[in-house]
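Colleague: Mind having a look at this structure? Questions to follow.
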Amino acid sequence: MSYTVSHFEIRARDRAAMEKFYTEIMGFIVSDRGLLTAGPAAGRELIFLSHSPDEHHQIVLIPTDAPAGSGGGIGHVAFRVDSLDEVRRVYEKVRALPHAKPEPVSHGNTWSVYFRDPEDNRIEVFTQTPWHATQPCRFDVDYDAPDAALTEATRATASTLAGFASTEDWQHEFARRFDEAPAK
């Protein structure tokens with residue numbers, strides 16, 4: 001199994017300044033933005049940024065109230081794998097670990113499992129689905145279900161979400177927007 005680093009979640013006290021830095025200095029474009037609906041940061045905006053229509057996001061800026069000088073911090077590290085079977089294999093390995101606290105989820109555009117390493121760092125392992133949905137979105141999935149049932153359940157939920165489209169259609173639109181973005 002090979003892992004490819006996909007994206008970083010970065011905690012940001014001043015999301016506007018961080019967005020400006022990553023777009024104007026680093027050349028990313030905003031691929032999505034939306035409000036968190038649950039957890040301690042509910043109601044606050046996430047900003048998704050990418051350089052590539054092949055990656056919905058390579059950076060996600062997440063709000064934090066950490067004091068200045070403490071550093072924003074990395075929220076999690078995500079690893080892309082090539083198949084749903086690989087996500088399931090990781091899920092099977094970590095579900096028995098007492099520290100891991102696995103979370104089998106979909107973001108509409110991925111099948112993911114989030115879990116903790118022994119020092120409580122958050123890890124995501126995921127593979128793409130054939131769909132896109134406006135981010136952020138997250139819903140539970142059952143990796144014990146057969147492929148056909150999991151695929152249909154994921155598609156059924158994702159199709160009710162804002163921005164639902166095929167990945168190919170989303171990539172085409174993103175590439176058009178990226179080509180039209182002013183050179184930095």
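The values are calculated or read from the model by the stated rules, or taken from the named source; none is laboratory data. Treat the numbers as computed from the prediction; the structure is a model and nothing was measured. Backbone-built Cβ (ideal geometry, glycine too); neighbour counts: all protein chains shown.
Colleague: For GLY34, all conditions in the list (1) of a type in the set (Gly, Ala, Ser); (2) closer than 14 Å to GLU9 by Cβ; (3) touching a Ser or Thr at 6+ places or on another chain (Cβ under 7 Å) hold save one; what is the number of the exception?
Modeller: Every condition holds for GLY34 apart from (2).
Colleague: So, in the stretch 73-115, of the ones that are outside any strand (DSSP E or B) and touching a helix residue (DSSP H, G or I) at 6+ places or on another chain (Cβ under 8 Å), which residue ends up farthest from ALA153 (Cα to Cα)?
Modeller: The extreme case among them is ALA100.
Colleague: How many residues are in a helix (DSSP H, G or I), free of Cβ contacts under 8 Å to residues at least 40 places away in the same chain and either of a type outside the set (Ser, Thr, Tyr) or loosely packed, with under 13 Cβ neighbours inside 10 Å (or both) when one looks only at the stretch 2-26?
Modeller: 4
Colleague: Here is a check on your reading of the model: is ALA41 assigned to a loop (DSSP other than H, G, I, E, B) and touching a Phe, Trp or Tyr at 6+ places or on another chain (Cβ under 8 Å)?
Modeller: Judged against the criteria, ALA41 is not a match.
Colleague: Condition first: out of contact with any helix residue (DSSP H, G or I) (no Cβ under 6 Å at 6 or more places or on another chain), modelled with pLDDT of 85 or more and surrounded by 12 or more Cβ atoms within 10 Å (Cβ to Cβ). Now tell me which residues in the stretch 37-53 satisfy that.
Modeller: Correct list: ARG44, GLU45, LEU46, PHE48, SER50, HIS51, SER52.
Colleague: Of all residues in the stretch 27-36, which are assigned to a loop (DSSP other than H, G, I, E, B) and free of Cβ contacts under 8 Å to residues at least 40 places away in the same chain?
Modeller: Passing the criteria: only PHE28.
Colleague: Could you count how many residues in the stretch 145-165 are out of contact with any His (no Cβ under 6 Å at 6 or more places or on another chain), surrounded by 12 or more Cβ atoms within 10 Å (Cβ to Cβ) and closer than 17 Å to SER31 by Cα?
Modeller: 3
Colleague: Could you count how many residues in the stretch 155-184 are in a loop (DSSP other than H, G, I, E, B) and touching an Asp or Glu at 6+ places or on another chain (Cβ under 9 Å)?
Modeller: Matching residues across the stretch 155-184 total 2.
Colleague: ARG80: basic (Lys, Arg) and touching a Pro at 6+ places or on another chain (Cβ under 9 Å), yes or no?
Modeller: It is false that ARG80 is basic (Lys, Arg) and touching a Pro at 6+ places or on another chain (Cβ under 9 Å).
Colleague: Among the residues of the stretch 138-154, write down those that are β-branched (Val, Ile, Thr) and outside any helix (DSSP H, G or I).
Modeller: If we filter the stretch 138-154 for residues that are β-branched (Val, Ile, Thr), which is where we start, we get 141, 151, 154.
Listed by number, the list holds a single entry, VAL141.
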